[in-house]
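Heads up, the thing below is written out as structure tokens.
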Amino acid sequence: MRYYSLEGGRPLSGEIVVQGAKNSVLPILAASILSGETCRIQHCPRLSDVDTTVEILRHLGCRVRWEGDALLVDASCVTRWDIPDSLMRRMRSSVIFLGAILSRCGQAEISYPGGCELGPRPIDLHLAALRALGADVRERGGSISCSGGNMQGTEIVLSLPSVGATENAILAACGAKGTTVISNAAREPEICDLQEFLCAMGADVRGAGSSTVVVEGRRVLHGCDHRVIADRIVAATYLAAAAGVGGHICLQQVTPGHLSTVTTALMQAGCRIHCSGDEISLESSGKLRSVAPVRTSPYPGFPTDAQAVLMAALCRSRGTTVFVENMFENRYRHVSELRRMGADVRPEGRVAVVCGVEQLHGAQVNATDLRGGAALVVAGLQAQGTTRIGDIHHIRRGYADIVGDLTQLGAAIRDDT
Ligand code: UD1
């Protein structure tokens, strides 16, 4: 069993380059099968979810190899259109392959990704988008088979701006004849990154970042070179870590605009933040105050993925902060672990109330999910004594080297086997 061991109380200082975004690279890797040539995807984080995606690509017939921090995907020879259940179960976002495989092969077969640690995560909007394009989608015994050799461009209206459904709709629309207009699309920066990648391959996709995305399908796509954007949630995690324990850090190669709701909350809490070009620096005394209610919502609102790390930063703040989680049902599982460390956080349905305490203390805790696990790291850095975090495989799904990064910033954190 592997653990992270942390000795709390050391302020963070220094500079760090933020890894590429997990939520960009996964759909981009899926999209790489739309090209008949080799795509070079740079600044690709080494994550277990990326390893799973590479396994899926290889299963489909692609040749994939690492070259430094770049992944080279040669999709000239896609021989299969199914994803085995064992790979689907490992990573919920493998559902994004549905639109990509359908686009490339005219048919696709996957098993149902099912629920996950954040609660039920339906894919009805994904399937409705594919059906709107004319795909025949059949759900039987936990598997989904689609045939869509004659998909036609159409208008797709998403009933809510789902990130995954928007990505699946864009990828499938690339294989449909004519124009597709996706309304109420998600506006996350990762959708813009996917659009950039597709356009670099020769696709005609416009409007990402707004709520209407327009795709002209059936272009012949070629290979390309693309650099993945910085991971705004990893950036938020390190900002929250320095805010909570104190110190002065500078994050490099980030897009400050992608983090504005997070930096606004941290400034309210008393941090000094300065953004310039592709850098964000944060200075904190480690003595924060409570902030106005934090309500998670689709981009450009406060990201649900940053809720847990901000909460952990505020556990020792002066005053009371209310969190309202509007995106996922089961997103306060880290709270019981934070309470083991002495935090006073009371969850009630979608709301959690954080009453700041004087001090957190080290404890034996377990990561419950990816971002909840990162929140335990943020709390452990502030705690008196040693914190041991178990079930770190959750954290490793999204953080390429959280131990190396925080060590570089002066934290006392170890990966214990
Ligand atoms: C993506 C991110 C995840 C982030 C989330 C919200 C990836 C790989 N993951 O997940 O880190 O937390 O966006 O920012 O990019 N919904 C439906 N039906 C559907 C699809 C979604 O009801 O068919 C609901 C979900 O239950 C949820 C809401 O829509 O309540 C938003 O989910 P969605 O934007 O789809 O999140 P993901 O794409 O799964």
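In summary, strands (runs of 3 or more DSSP E) completely within the stretch 1-45 and bearing 3 or more residues that are touching a helix residue (DSSP H, G or I) at 6+ places or on another chain (Cβ under 8 Å) occur at 12-17. Restricting attention to the stretch 75-126, the residues being modelled with pLDDT of 90 or more and in a strand (DSSP E or B) number 5. Answer yes if at least one residue in the stretch 192-203 is in a loop (DSSP other than H, G, I, E, B), touching a strand residue (DSSP E or B) at 6+ places or on another chain (Cβ under 8 Å) and within 16 Å of the ligand (Cβ to nearest atom), and no otherwise. Looking through the stretch 192-203, none of the residues is in a loop (DSSP other than H, G, I, E, B), touching a strand residue (DSSP E or B) at 6+ places or on another chain (Cβ under 8 Å) and within 16 Å of the ligand (Cβ to nearest atom). What number of residues within the stretch 32-62 are among the aliphatic types (A, V, I, L, M) and in contact with a Cys (Cβ under 8 Å, 6 or more places away or on another chain)? Of the residues in that region, 3 qualify.
This table checks each residue for (1) of a type in the set (Ser, Thr, Tyr); (2) exposed (fewer than 13 other Cβ atoms within 10 Å of the Cβ); (3) under 20 Å from Thr179 (Cα atoms).
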residue	(1), (2), (3)
Leu71	no, no, no
Ile83	no, no, no
Ser103	yes, no, yes
Leu130	no, no, yes
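Of everything in the stretch 144-191 that is free of Cβ contacts under 8 Å to residues at least 40 places away in the same chain and among the β-branched types (Val, Ile, Thr), the residue that is farthest from the ligand (Cβ to nearest atom) is Thr179. Residues that are more than 23 Å from Leu259 (Cβ to Cβ), within 16 Å of the ligand (Cβ to nearest atom) and in contact with an Asp or Glu (Cβ under 9 Å, 6 or more places away or on another chain) are absent from the stretch 384-399. With (1) without any contact (Cβ under 8 Å) to a residue 40 or more places away in the chain; (2) of a type in the set (D, E, K, R); (3) under 30 Å from Leu26 (Cβ atoms) as the list, and Asp416 as the residue in question, which single condition is left unmet? Going through (1) without any contact (Cβ under 8 Å) to a residue 40 or more places away in the chain; (2) of a type in the set (D, E, K, R); (3) under 30 Å from Leu26 (Cβ atoms) one by one, Asp416 breaks only (1).
At positive phi and out of contact with any Asp or Glu (no Cβ under 8 Å at 6 or more places or on another chain): which single residue out of Gly141, Gly178, Gly164 fits that description? The conditions single out Gly141.
The values are calculated or read from the model by the stated rules, or taken from the named source; none is laboratory data. Since the structure is predicted, the reported quantities are computational estimates derived from the model, not experimental observations. Neighbour counts run over all protein chains shown; Cβ positions are idealised from the backbone, glycine included.
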